[in-house]
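The values are calculated or read from the model by the stated rules, or taken from the named source; none is laboratory data. Note that the coordinates shown come from a computational prediction; the quantities given were computed from them, not determined experimentally. Because the Cβ atoms are built from the backbone with ideal geometry, glycine has one as well, and the counts that use them run over all protein chains shown.
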Amino acid sequence: MKEYKRLTYEDRVKIELLTKQGFNPAKISHLIGRHRSTVQRELCRFPRSYTAAKAQAEASAQAGSRNRGRKLEMDKRLLNYVHEKLKLRWSPQQISKQLWLDFKKDKRMRASHETIYTYIYLLPRGELKRELISYLRQGKKGRYRKRNKTTERRGKLPNIISIEERPALVAKRSVAGHWEGDLIVGKGHKSALGTIVERKTRTVIMVPLKGKDALSVRKAFEKELISLPKQMRKSLTYDNGHEMAQHSLFTSRTKMKVYFAHPNSPWERGTCENTNGLIRQFFPKGTDFNKVSRREIKKVQKMLNERPRAVLGYRTPKDVFEKEILKACG
């Protein structure tokens, strides 16, 4: 049986990100593994501004799914379940899968992710629609930060190790303990939140920062990572930001090699970019992280790590990470 070839929501998220980075349809199609004409048709539908959420909503509507959307309205128990999970920032895909797990023998408790998207976007304008859209990952604008880092800026960092020297097994995600890192910059570029994501398990560590300078970032990242078993501290892949200027000292303290991605190549740290998008649901663009407590940050971290992920077979990052620790240390 041939694999389903229509664009998925994740495909559309990638298209949105790469479009904002200035890539043409031919390059985008190559990077996401789709036919060029498919990408061109998708972008032509939204000539002014392409967003994954709008594209997904229109695709759902065009699929003749109005009746599927109304399925939720006809079953109060199913509708309440969906609302409850959306409020926890679960994606429609996650909710759909969990319904099968929670109600294995009750066929009435079924809703595809397309059904959930359709229900939300076909709601009449009003408070409920705004609320539910806000729970979706693409419900808020500014999900991805525009990057303008240049090769020259990267060159100022001494003794860097290029991502080209990173072992192939890291790219394959076959071994846990390899991480990606980044900063989510706050209001007026005066504050920031550090993010570190494990590539295989998708476990995220959200790092409260006192500042964006290299010293503050190094100390904060070290503090979070040094508590992990050494088997789970193998490498960190980062971009070219000056906040990682003390990478040599970081490596000395944590025993983790730091590999630097190519300039303007966010897909080389796609796991972290993807996770930053999830975090932006809770801390949208314009957030002043100096006013966000460590308790609030760690609450969101816990919620993300305990949420089932499709890429993990709908297991949670927390469960998968704990199993990897037992395997590595056993």
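So, in segment 182-203, how many residues would count as being over 16 Å from SER227 (Cβ atoms) and outside any loop (DSSP other than H, G, I, E, B)? The total comes to 11. Taken over segment 270-289, the criterion of being among the hydrophobic types (A, V, I, L, M, F, W, C) and either under 18 Å from LYS187 (Cβ atoms) or without any contact (Cβ under 8 Å) to a residue 60 or more places away in the chain (or both) is satisfied by ILE279, PHE282, PHE283, PHE289.
Can you tell me which residue within segment 155-189, out of those that are modelled with pLDDT under 90 and of a type in the set (Lys, Arg), is nearest to ASN264 (Cα to Cα)? The extreme case among them is LYS156. Could you tell me whether ARG309 is closer than 20 Å to HIS178 by Cα, among the charged types (D, E, K, R) and crowded, with 18+ Cβ neighbours inside 10 Å? Yes; evaluated as a whole, the condition is true for this residue.
Taking the conditions exactly as written (among the hydrophobic types (A, V, I, L, M, F, W, C), in contact with a Leu (Cβ under 9 Å, 6 or more places away or on another chain) and under 18 Å from GLY177 (Cβ atoms)), does PHE250 satisfy them or not? Here the answer is yes, as PHE250 does meet what is asked. Number of residues in segment 312-327 that are farther than 20 Å from SER91 by Cα and crowded, with 18+ Cβ neighbours inside 10 Å equals 2. Once segment 226-236 is narrowed to residues that are in a helix (DSSP H, G or I) and either polar (S, T, N, Q) or touching a residue at least 40 places away in the same chain (Cβ under 8 Å) (or both), the residue that is surrounded by the most Cβ atoms within 10 Å (Cβ to Cβ) is MET232.
For segment 163-215, filtering for residues that are surrounded by fewer than 19 Cβ atoms within 10 Å (Cβ to Cβ), closer than 17 Å to VAL258 by Cα and polar (S, T, N, Q) leaves 0. Applying the set (1) buried (at least 18 other Cβ atoms within 10 Å of the Cβ); (2) more than 15 Å from GLN56 (Cβ to Cβ); (3) modelled with pLDDT under 90; (4) of a type outside the set (Ser, Thr, Tyr) to LYS141 leaves exactly one unmet item: (1). A search for C-beta distances below 6 Å between a residue of segment 37-53 that is among the β-branched types (Val, Ile, Thr) and any residue that is modelled with pLDDT of 85 or more, counting only pairs 6+ apart in sequence or on different chains, returns VAL39/PRO25; VAL39/ILE28; VAL39/SER29; THR51/GLU16. Counting only residues that are free of Cβ contacts under 8 Å to residues at least 60 places away in the same chain and surrounded by fewer than 18 Cβ atoms within 10 Å (Cβ to Cβ), segment 238-269 holds 6 of them.
When segment 39-91 is filtered for residues that are of a type in the set (Ser, Thr, Tyr) and modelled with pLDDT under 80, the ones remaining, listed by number, are SER60, SER65. Just checking, how many residues over segment 228-249 are of a type in the set (A, V, I, L, M) and under 17 Å from LEU169 (Cα atoms)? Of the residues in segment 228-249, 2 are of a type in the set (A, V, I, L, M) and under 17 Å from LEU169 (Cα atoms).
A quick yes/no check of all residues on (1) within 30 Å of ASN159 (Cα to Cα); (2) part of a helix (DSSP H, G or I):
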| position | (1), (2) |
| --- | --- |
| GLU243 | yes, yes |
| VAL258 | yes, no |
| PRO263 | yes, no |
| GLY277 | no, yes |
| LYS318 | no, yes |
| ILE325 | no, yes |
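Restricting segment 277-330 to residues that are more than 24 Å from LYS87 (Cβ to Cβ) and among the β-branched types (Val, Ile, Thr), the residue that is modelled with the highest pLDDT is VAL320.
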